[in-house]
Amino acid sequence: MVFATNMVALGILGLSKGDFTVIWQPVAKGLPGRETLVYLCAFISLASGVGLVWQRTAAIAARVLLLWFLLWLLLLRLPAFARGFTVNVYWPMCQTAVMLAAAWVLYNWFATKWDKQRLGFAASENGLRIARVLYGLALIPFGLSHFTYLKQTAVLVPAWLPWHVAWACLTGATFIAAGVAVIVGICARLAAALSTLQMGLFLLLVWIPKVAEGSMTAFQWGEAVVTWALTSAGWVMTDSYRGTPWLARRENALF
C-alpha cells in the first residue's frame, strides 16, 4: 500500500508539472518523443499505483511496472556509463535499480498462472533472488557517495546531533555493508530492514524538518521525493524476506 500510494503520488505530480518527476530524471532535453515520455511515465505511475491496490489488477500493474523500470534501466541508464562513472550517472541508475527491484518483488508476489507458465524465470525464486541482488548492488554506490561527498553529506546531519562527519561516514558504511549482506545472503533480511529504516530516518530527520522550516530548494525537494520513493521500495524488498530468519546465512544468495 505504501509503494502503491507512492506511485500514485508520483503520477499525479508528473501530470501536474508536465515534466518528469525526479525518480525518472535525468532525461536528455533532446531525446526524441520526450514530451510523450513525460506523460507516459506519469500515466504508468498513476495507473500502476491504483492497479496494485486491487486484487484483479495487481498482477497486470506489477507486470507493467517491472517492464517499464527494466526498459528505463537498459535504455536510459546503462548507456550513460559511456560518459564515465560519475555521481550523475551512477546515482540515477541506482535509484532505478531499487525501484526495479521492488517492482520485481511485487510481480513475483502477484504472478498469475499465465506469468508462471510463460515468464517462469522472472516469476520464480530465481527472479526474486535477482531482484534482491539488484537492490544490494544499488545500495553500495549510495554508501560510497557519502564518502565522495562527505562535506555535503555532513551538512545534512541534524544540528542537534554531534559529530556530523562521523554520522555521514557511519551511514555510508552501513549502506555498503547492507548491500554486501543482501548480495551474499548473510543476514539479508536484517540488512534490508536496516537499510530501509535508514532511508526512512533520512526522510524523518533531514527532509521533513526542512519542509517545516520552509527552507527547501528545488534540489532538496527532489531529494525528499526520491528518499520517500526509495524508502517505500526498500519496505517492499524487506517484506520479500518475510518468514526468513533475521540472521539467516546464504539462504537467499544468488549462487
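The values are calculated or read from the model by the stated rules, or taken from the named source; none is laboratory data. Every value quoted in this text rests on a predicted model; they were computed, and no experiment measured them. Glycine also receives a Cβ, built like all others from the backbone with ideal geometry; neighbour counts cover every protein chain displayed. Note: areas computed on protein heavy atoms with side chains; ligands, DNA, RNA excluded. Shrake-Rupley method; radii C 1.70, N 1.55, O 1.52, S 1.80 Å.
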In a Gaussian network model of the chain with springs linking alpha carbons closer than 10 Å, the residue among L150, L137, L73 that fluctuates most is L150
In what sequence, highest mean first, do 51-59, 156-164, 139-147, 213-221 appear when ranked by Cβ atoms within 10 angstrom? 139-147, 51-59, 156-164, 213-221
Would you calculate the separation in nanometres between label points at T5 and A166, each defined as 7 Å from the Cα along the Cα-to-beta-carbon direction? 3.6
Taking only protein heavy atoms and a 1.4 Å probe, what accessible area per residue, in Å², does the range 101-255 have with all protein chains in place? 51
For the range 50-186, the accessible surface attributable to carbon and sulfur atoms (probe 1.4 angstrom, ligands and nucleic acids excluded) amounts in percent to 72
Could you sort 11-20, 78-87 so that the peptide with the highest average Cβ count within 10 Å comes first and the rest follow in order? 11-20, 78-87
Inter-label distance for L71 and R129, nm, one decimal - labels placed 7 Å from Cα along Cα-to-Cβ: 2.9
Treating the beta-carbon of each Lys and Arg as +1 and of each Asp and Glu as -1, no other charges, what is the dipole magnitude of the range 2-95 about its Cα centre, to the nearest 20 debye? 100
Need one word for the range 159-255: rounded, prolate or oblate. Basis is the Cα gyration tensor (sqrt eigenvalues a ≥ b ≥ c); a/c below 1.5 gives rounded, then a/b vs b/c decides. prolate
Might you tell me the accessible area per residue for the range 1-82, computed with a 1.4 Å probe and given in Å²? 52
On a straight-distance basis, which aspartates and glutamates could pair with K113 in a cross-link, Cα separation under 17 angstrom, same-chain partners fewer than 8 positions away excluded? E125
